[in-house]
Amino acid sequence: MTKFLDIQMLQISKDILLYQINYIVSILKKYFIFESFLTCVQVLNSIKLS
């Protein structure tokens, strides 16, 4: 019985870990997309100015 519980706990913690990793990755993606958008805007502005 304890063996089964241990496996359950491992499974749950693994799921939580995966969920957290996915969450962090999604935030990073949003941030990078935003950053690259800003960079594009800056490049376009500098091209216009020159």
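Quick notes on this structure:
- Filtered residues of segment 1-40 (kept if of a type in the set (Val, Ile, Thr) and under 16 Å from the mean Cα position of the chain (by Cα)): Ile16, Ile21, Ile24, Val25, Ile27, Ile33
- Of all the listed residues (Lys3, Lys30, Lys14), the sole one being part of a helix (DSSP H, G or I), of a type outside the set (Ser, Thr, Tyr), without any contact (Cβ under 8 Å) to a residue 12 or more places away in the chain and surrounded by fewer than 10 Cβ atoms within 10 Å (Cβ to Cβ) is Lys3.
- Among the residues examined, Thr39 does not qualify as among the β-branched types (Val, Ile, Thr) and loosely packed, with under 10 Cβ neighbours inside 10 Å.
Where a number appears in this text, it was derived from the coordinates with a stated rule and is not lab data. Small disclaimer: the values here were computed from a predicted structure and weren't measured. As a convention, Cβ positions derive from the backbone with ideal geometry for all residues, glycine included, and neighbour counts pool all protein chains shown.
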